[in-house]
Amino acid sequence: MDEQFFHACLGLCLLGSMCLSFIALAFGTVAPYGRYSAVKSFDMSWGPPIDGRVAWVVQELPSLVGPLVCLAYSGRPSGGNALLLALFLAHYVNRAVVYPLRIRRGKPTPLGVAAAAFGFTTANGYLQARALAAPWARSVPVDARFVAGVALLCAGAAGNVWHDGVLRDLRRGGGGGYEIPRGGLFEYVSGANFLCEIVEWFGFAVAARTPAAWVFAASAALNIGPRGVHHHRWYLATFGADYPAGRRAIVPFLL
């Protein structure tokens, strides 16, 4: 019962921090990494720059290693719980190992940004692992809702990887500038990769039906949703009239 109480409190704290982050992002704060990072005018208020690839590995790895440690401590889940945790881990194998290796020219990331992401993935990895694999975890029924949620999760994960590949391939030729992404959901929204990741984690929450999963889904939307809006504004400012007029930021036809 003590761990369950701690688990619930940590989930509420994580959700609260993401709400505060959303407010900051909605009012114009842009974390200076990726295309918003400029080596010659690096914003030291976020901390010193570290290699972009290293930052990706360090900040995403806790959501891979943490659950594995939890599994070693409490044993393996079964049924629907095992499948959902396996899919969660598969996402972070891609994010912490595969994706950083495939980045063509990672720009520096401020230490403060990487540290904040590290804190989130550490807490979230623990929350999801224990919600599905702790002795007190509820068994997830493999029913129609489970199947629908897993289907949504897999579709979102596949879309996220594919659209990330589109962005990566735009830089294949070694050119220095950015280009307008084309194909798939990029024909409808600027943040197609972000939209797919939001869908992925809402599918996870639908299938898992745990408070921890819903905290994660909401956190994903609150954090990367505004990033999609920032990207949309950046594309408009960069490409002007050349940018597709009907394309939205993160929600097709609406936002």
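Laid out as a table, the results:
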read-out: Residue that is nearest to P211 (Cα to Cα), among those in region 13-29 that are among the aliphatic types (A, V, I, L, M) and free of Cβ contacts under 8 Å to residues at least 40 places away in the same chain; value: L20
read-out: Which listed residue, of R182, R227, is outside any helix (DSSP H, G or I) and among the charged types (D, E, K, R); value: R182
read-out: Residue match in region 225-247 (condition: closer than 19 Å to C154 by Cα and at pLDDT 90 or above); value: no
read-out: Any hit, region 111-120, residues being touching a residue at least 24 places away in the same chain (Cβ under 8 Å), closer than 21 Å to W214 by Cβ, assigned to a helix (DSSP H, G or I) and touching a helix residue (DSSP H, G or I) at 6+ places or on another chain (Cβ under 9 Å); value: yes
read-out: Pick from region 227-249, criterion of a type in the set (K, R) and more than 15 Å from L185 (Cα to Cα), ranking: surrounded by the fewest Cβ atoms within 10 Å (Cβ to Cβ); value: R233
read-out: Options F186, F194, F202; residue that is surrounded by 23 or more Cβ atoms within 10 Å (Cβ to Cβ) and on the phi < 0 side of the Ramachandran plot; value: F194
read-out: Flag for G80 being on the phi < 0 side of the Ramachandran plot, more than 17 Å from the chain's Cα centre (by Cα), in a helix (DSSP H, G or I) and buried (at least 20 other Cβ atoms within 10 Å of the Cβ); value: yes
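Yes/no per residue for (1) under 17 Å from the mean Cα position of the chain (by Cα); (2) at pLDDT below 90:
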position: L64; (1), (2): yes, no
position: L68; (1), (2): no, no
position: A72; (1), (2): no, yes
position: L85; (1), (2): yes, no
position: A96; (1), (2): yes, no
position: I103; (1), (2): yes, yes
position: P108; (1), (2): no, yes
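The values are calculated or read from the model by the stated rules, or taken from the named source; none is laboratory data. Bear in mind the structure is a predicted one, so any value in this text is a computation, not a measurement. Methodologically, a virtual Cβ is constructed for each residue, glycine included, from the backbone with ideal geometry; neighbour enumeration extends over all protein chains shown.
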